[in-house]
Amino acid sequence: MKAFLCSCGNRIPLPEFKEEGVEVFYHDALCSPAGIEFITERWRDDEPIMIAGCSPVVGERYFSRFNPIYINIREQGSYLGHGQEKIGDLIRSGVAWLKATKPIEKKVFDVKSTDILIIGSGVAGLEAARLIGRKAILIERRPYLGGTVADLDRLYPEGTPNSHTLMPLINQVVSGGVRFKPDTEIVSIQGRPGDYRVRLRERKGKVVRCDECGRCLEVCPVEVVDHGIKRKAIFRSPSFPPGYLIDFSTCDLCGECVKVCPGEIILDRSWNEYELHCGGIIVATGLNHFDPVQLSEFGYGRLPNVYTHLEFERKLARGEIKPEKVVIVHCAGSRDERYLDYCSGICCLLGLKEAKLIKDRYPETEVYLLYIDIRVRGELEYLYKELRNLGVKFVGGRPAEIIPKDGRLMVKVEDSLSSTLLKIPADAVVLSTGFVPDKKIFDLLPINLDRERFPKAYDWSELSVDGPPHAILFAGSAREPMSVPDSILDARAKAYRLSHLLSLPRIESHHPVSVIDEERCSLCSLCIQNCPYGALQKEEKVRSDPAVCMGCGVCVATCPSGAANLESYETGGLMAAVESLTKEGTILAFLCRWSAYPAADQAYPIGYPESVRIIRVPCSGRVDPQLILKGFELGARAVLIGGCYPEACHYHTGNIKERRRIKLLHALDGIVDPRRLRIEWIGTDEAAKFVRVVEELEKA
Amino acid sequence: MSLLKEVLSRPGGEEIRRCFACSTCSGSCPVREIDGRFNPRRIIRMVLLDLKEEVLKSDFIWYCTTCNSCQERCPQGVRIYNIMNILKNIAVKEGIIHPTFKAQVDLVGRMGRLYEVEDFDNKKRTKVDLPEVKKVFPEVRRLFDLTGVRIDE
Amino acid sequence: MAEKPKVGLYWCASCGGCEEAVVDLARDILKVVEAVDIIFWPVAMDFKKSDVEAMADGSIAVSFINGAVRTEEQKEMVELLRKKSGLIVAFGSCAHLGGIPGLANFWDRKTIFERVYHTTPTTDNPEKVTPKTKTGVDQYELTLPEFFDTVRPLNQVIDVDYYLPGCAPPPDLIMNAVEAILKGELPPKGSVLAPDKALCDSCPRKDSKPDKIKITEIKRIHQVVADPEKCFLAEGIICLGPATRSGCGERCINANMPCRGCFGPTSAVVDQGAKFLSGLASILEAETIEDEERLTNSVIDPAGLFYMYSLPSSILRRRRLS
Amino acid sequence: MSSHLFFLGCTVPVRGQNYELSARKVAERLGIKLIDEPDFACCGFPVRSSYEDTAFLLAARNLAIAEERGGDIITLCSSCTATLSEVSHRLRTDPDRLKWTNRHLKEIGKKIQHPVSVKHFARFLYDEIGIERIKEKVERPLTQLTIAPHYGCHYLKPSHLFGEDPEIPHTLDELITATGARVVEYEEKKLCCGGAILGIDEDVALTMAHKKLTSVKGEGADGLALICPFCAIMFDDLQRKVDSKFNTNFNLPILYYPQLLGLAFGIPETELGFKFNKVKAKGLLS
């Protein structure tokens, strides 16, 4: 066991330090090339060491690969003018911690497959497949490629026909050797980066050989309305594969098409299930349209000529409607507590696009656009301006109701800007509906996405850069509703990221992760739902997947039987640190490494009491109440937990979990004094707040 | 206390700050359609801006027909119907009460009924085989007293 | 015939249930009596303190002591037994952790006397008499053992070799322990003679436990008819199973009552109450901070609940009395 | 099945005897036993705007009486329905409010433990009797009639209490259809009667009534069927006043739904209180 003490160019008065079983080394600049060499020469792979010197916020830049226990005797000691005694205590706490810790295991995951599974063949999936090429396996639930874009008429904002984007993409995907599997769904996904086993099922029935004679179309008895457009259960492919395709969700297997077909059709609704091996997954399942039937005051599904934007666009393109007066309603279902309590992001642009499509085709048509707020960003503002110039009437209000009147529709709305009540007669009402995620796929992924919303990158780990690399990535509108250009850019980023990751022979990571002692775990499962990454899975045993765990330690603080631990932040180590730091009157501060700890680092110009003793934790959620009570038992005057602000937790909700623990501790009425146990949100630059809080605690 | 704070503190008023002025309520209001001075959206905005005098002393707070159309449709779950009631209650507390409401309160307080039942009414009822009904409910009066509501005879 | 090992049993601050547990061995008790020689068992047989004092140090093979230490007399007796015994087994929750009598540590002697001897509604004590260690009656002096300020588990008074947990310990664990002692096949000193996994591991309802438990409302057992098949926590009923050592035979669970923690924590946990509190906090499901407040406040008497059996052995500081 | 306590409210016994008479007759035909409870007083609605707490207690008092008698409540007036239902719901879901209420009710020797359920007579017919059973009792289908339904506000809202979508209400439509009459759709179907502000601004209230009547008349309805005495005051009692203010002559019969149903059941019109209807329904009855 080795302890390295650094005097930071003689700015830290190092005490004489001896400890049984620990080799102590002194240096005056461990961060210099010579200093790093000094450690390297003495460091055995994976051996736990302690470095006492500057703050880890500085030190991590140089020493990360050693994964040391950092003891900050500069920002928390000499810079504050605090004496040798405190510095001694700090070093002792580090050594006690070191003795109780185990080496961090190096994690190596072999890349067993370099294939990348792409789920969904909308523009995002296609673009990812195009770039990945032969390594890509592209699956699609529908019988043809193209996703939502294949259903559209034009793309906004320029109004380019969808073929401009879709056709070249499809051509390159098909000719580029991508394995394409239509009519295929995911059954289950298991595994880890570099090694996923995916069960798929593929429809047995299909059109095997098609001459595109169209005779099947004439005999098919099943009529379907597909986003406003009538078609048969057998229909002409709008993209690829070409020829006629069967929609098995509506086909009644009557066999008429088989009778007339000069080629070959297999009518079979059942599935063929098989397993596939891949190294990474791109989820490009796009979005689902919110069903506005629920908005009964708008009459969709009940009144003729009330359309969703997609239905309207398709009917307009095919010349099925030529309205003289159209009302476009924004936020149909979005920003509505009853349905989607979020902004769907792109529907404002869709509404504007529909207005543009109408004006392009029928300049005389009168268009009203009803909105709560127009949300377009950047240069797209020009579209909004152009539409104002084209005479679209913008009404600042959401309609109260849509009712039939005199064979037309009547939209009742107050324009909030002029306080005028309008009753607008219309031939067509277009609901710019919001979007909902394809929740079905969330449930199949081995990650925690426990909500009804889109998995924004920061909701789990895609954006994290400090943990193990992730190999299930969301692209395009599966992540959040996105425009076509944005989807393509997003897909590119994800394709390149995965291609690069899987080009390595193995994925290595040596950051601390949680470990579940299977011998001790009682399968109580309390930890599982606390993991925002889905690293904890219960099968026979509860396991923490080191390829997924980000190392927050919330599960460790949670585990009621002490079976969970976090490498280098073991309960034993932290307890040892508490024991050597706490004396009568100590203010014990557990500070989150991402916010409160760096804040305290910057507090030395202001200064704070010497009684403050800081323990660095990965997340405030790692602070086990046992540590807090231990501090009080040993005579601490006060205990402070410093974490990130709510919504800003590096690990999503660790701070909130900790707040609940503190609330329950406070509820131990008369035993834990709320004035002496506080949890505070302290931002990275809030040194002054840190000082204020500890000074209050000093007086508590 | 500020008007906004008082509204927020009462059941049904908590959600007022969610309002983003989409005007669904005012488009739905049958009174607003006839008399534009009564406008739930405006009243809510004025409460949010804490314009106490302007709100409480205005005639229009009494104009709500309690039809509840606004609240049913509000996309933000603002309980407009409850808020209109809260505003009237606050006005009454501040000594401003519409004479019609005052008369109703006095009637119900005295009799326990909105309409006075005379012997004549009961006779009329018995004539068509309907049972007689009670004329006065002293218990109701007691509930008014318990809640500190003064009844004018 | 070789001399049978000598065994002592003693009762400190406890309810007597542990003595009952010995009787509950039923026919097995004959096996025990056959194998050992009970030389001290005040509750069942007439022994005097002086009998024990007369024994040679270390001559008792093993003493089973139940109950927490609350009075001077209990302290004297357990110290005496320690001297005379080869092994000391803390028998039952009170000796192991402090147990139910340990809940008195939320108050101190003064407050307890005040309540018990002066202010309970049924007390008639105009002269405000409270027990004293010495009372003069005429020319005589009567003595009472001192009532301590603090209830202590056995290991805070004497060195303890093993712990038999439970309120009361179940017969099979007692028999296992006796057999292990007779055979000399004992685990390391200081062990708790029960499995080191939490109760959920052996809970008959474990299959009904969802992977993700979320509590949106805390229910108390008298407020609902608990589903006899379903995990209590999944129903919103507080059950200390996740923080409590198994081995009890799930007697409470089978009677449709949630675990209250009498077996104490696993060996990896220092403070059972704090650990349960932490686990509970992390499965509370609240959307807003008001919800969170409401939920955390809806736990009735959290200290008494989380530390029902383990208060004196916990690291919780005593209630500060004004 | 628990017994059904008949809650008349303030308006019905004095100004809606036709409603009460016909409801009692129809109930009798359908085998519904309505129990009169003389201690029921005002539901609290008229006080709500001024003194919410007092109004709440008034409602609670009625609920306490019903609980004591061991029955649930059936109402005729929609305002009573909504007021009592809201209070019952709040007492069921808010223990603090329940405590507060009981503290006050104690003073008048009353107590609530399990707030009773409250149902409007029409909803009771729809939910508990059912359209099919009603149809079976129809002896004289009113196939000649075209009737416009007026739901009123408090029969439907707050919708979370009643479970019917107020944007597309259907129960009264179906109940009318069950009598054999034809239901007519009209633009202002959801419009409020305006009754609640009659005493605040008669002009506005009458304008609302006028709008409704115009819309109904425009669709060629023979009559308007409704289920709330307040609405009846607006459309029936004040129809003449509307006529004179707007220079119209609607002459639109306003029927309580039970009157309509009673006719279909073959009950003589004299027993259904038609003489109390202000706009005479002569033409309809022949």
Could you check which residue among B:Pro131, B:Pro11, B:Pro99 shows the biggest mean-square fluctuation in a GNM of chain B with a 10 Å Cα cutoff? B:Pro131
Among D:Val216, D:Val183, D:Val14, the residue with the largest mean-square fluctuation in a Gaussian network model of chain D built from Cα contacts under 10 Å is D:Val14
When A and B pair up, the total accessible heavy-atom area removed from solvent (1.4 Å probe), in Å² to nearest 100, is 1600
Run the helix sum for the protein assembly as shown: -39,500 (n - 2.57) per DSSP H stretch of 4+ residues, divided by residue count, reported at 222 nm to the nearest 500 deg cm²/dmol. -9500 deg cm²/dmol
When you count, for each residue, the other Cβ atoms within 10 Å and take the mean per peptide, how do D:138-150, B:32-44 rank with the highest first? B:32-44, D:138-150
List, by residue number, every residue in the stretch A:372-400 with a reduction of 40 Å² or greater in accessible area between the chain on its own and the complete protein assembly, 1.4 Å probe. A:Ile372, A:Arg398, A:Ala400
Extension length gain for A:Lys439 and A:Arg65 (0.36 nm per residue less Cα distance), in nm, is 130.7 nm
Taking all protein chains as present, what is the carbon and sulfur share of the accessible area of chain C, in % to the nearest whole number, probe 1.4 Å? 53
With every protein chain in place, the accessible area of D:Asp72 for a 1.4 Å probe, in Å² rounded to the nearest 10, comes to 30
With axes computed from alpha carbons, what is the tilt in degrees of helix C:72-84 against the longest principal axis of chain C, rounded to the nearest 10 within 0 to 90? 70
Expressed as an acute angle from 0 to 90° and rounded to the nearest 10, what is the orientation of the C-alpha long axis of helix C:171-183 relative to the principal long axis of chain C? 50
Within the stretch A:305-418, percent of DSSP bridges classed antiparallel, to nearest 5: 35
Between the stretch C:119-146 and the stretch A:499-519, what's the alpha-carbon centroid distance in Å? 70
Taking the alpha-carbon centroid of each part, what is the distance from the stretch B:83-141 to the stretch C:165-195 in angstrom? 77
Can you grab the distance from the C-alpha centre of the stretch A:145-159 to the C-alpha centre of the stretch C:247-311, Å, no decimals? 55
Counting only other chains, what is the mean number of Cβ atoms within 10 angstrom of the Cβ of each residue in peptide D:53-61? 5
For chain B, set up a GNM with springs between Cα atoms under 10 Å and report which of B:Val117, B:Val108, B:Val92 has the largest fluctuation. B:Val117
Near the amide H of C:Arg260, under 5 Å away, which other amide H atoms are found, from residues 5 or more places off or on another chain, if H is placed in the peptide plane? C:Leu240
Shielding of D:249-259 by other chains, given as the mean Cβ count within 10 Å, works out to 0
Of all beta bridges DSSP finds with both residues in the stretch D:139-278, what is the antiparallel percent, to the nearest 5? 0
Setting aside same-chain residues fewer than 8 positions from A:Lys181, which lysines have a Cα under 21 Å from its Cα? A:Lys135, A:Lys204, A:Lys206, A:Lys440, A:Lys494
As a test question: what accessible area, to the nearest 10 Å², does A:Arg338 have when a 1.4 Å probe is rolled over all protein chains in place? 80
List the aspartates and glutamates whose alpha-carbon lies under 15 Å from that of D:Lys212, not counting same-chain residues fewer than 8 positions away? B:Glu33, D:Glu185, D:Glu187, D:Glu188, D:Asp203, D:Asp222, D:Asp236, D:Asp237, D:Asp243
DSSP H helices in chain D with Cα extent of 24 Å or more along the helix axis and mean Kyte-Doolittle hydropathy at least 0.0? D:52-69
For the stretch D:139-278, the dipole about the Cα centre with charges only on Cβ (Lys and Arg +1, Asp and Glu -1), to the nearest 20 debye, works out at 300
Under a 1.4 Å probe, what is the accessible area of the protein assembly as shown per residue, stated in Å²? 40
Short version: ³J(HN,Hα) in whole Hz for each residue of the stretch A:250-257, in order, from phi by Karplus 6.51 cos²θ - 1.76 cosθ + 1.60 (θ = phi - 60°), x for Gly and Pro, what are they? 10, 4, 9, 6, 6, x, 4, 5
Can you give me the long-range amide H partners of D:Tyr256? Hydrogens built in the peptide plane at 1.01 Å from N, cutoff under 5 Å, separation of 5 or more residues or another chain. D:Leu226
What is the packing order of peptides C:136-148, A:598-610, taking the mean over residues of other C-beta atoms within 10 Å and listing the highest first? A:598-610, C:136-148
Can you list the residues of the stretch D:70-109 whose accessible area drops by at least 10 Å² going from the chain on its own to the full set of protein chains, with a 1.4 Å probe? D:Glu86, D:Arg90, D:His104, D:Glu107, D:Ile108
Have a look at the DSSP beta bridges in the protein assembly as shown and tell me what percent are antiparallel, nearest 5. 40
For peptide B:34-45, how many partner chain Cβ atoms fall within 10 Å of a residue's Cβ, on average? 3
Surpassing 30 Å at the alpha-carbon level, of the pairs B:Lys127/D:Lys111; B:Lys135/D:Lys190; A:Lys102/C:Lys197; A:Lys18/C:Lys75; B:Lys123/D:Lys280, are B:Lys127/D:Lys111; B:Lys135/D:Lys190; A:Lys18/C:Lys75
Put A:Thr558, D:Thr93 in order of accessible area, largest first, probe 1.4 Å, and you get D:Thr93, A:Thr558
Please give the solvent-accessible surface of A:Glu23 in Å², to the nearest 10, using a probe radius of 1.4 Å with every protein chain present. 100
Exposure rank, largest accessible area first [D:Phe124, D:Phe276; 1.4 Å]: D:Phe276, D:Phe124
Leaving out same-chain residues fewer than 8 places away, which aspartates and glutamates sit with a Cα under 15 Å from that of D:Lys106? B:Glu139, B:Asp145, D:Glu67, D:Glu68
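The values are calculated or read from the model by the stated rules, or taken from the named source; none is laboratory data. No experiment lies behind these values; they were computed from the predicted model shown. Quick reminder, even Gly has a Cβ in these numbers, built from the backbone with ideal geometry, and neighbours come from all protein chains shown. In case anyone asks, the SASA skips ligands and DNA or RNA and just uses the protein heavy atoms, side chains included. Shrake-Rupley method; radii C 1.70, N 1.55, O 1.52, S 1.80 Å.
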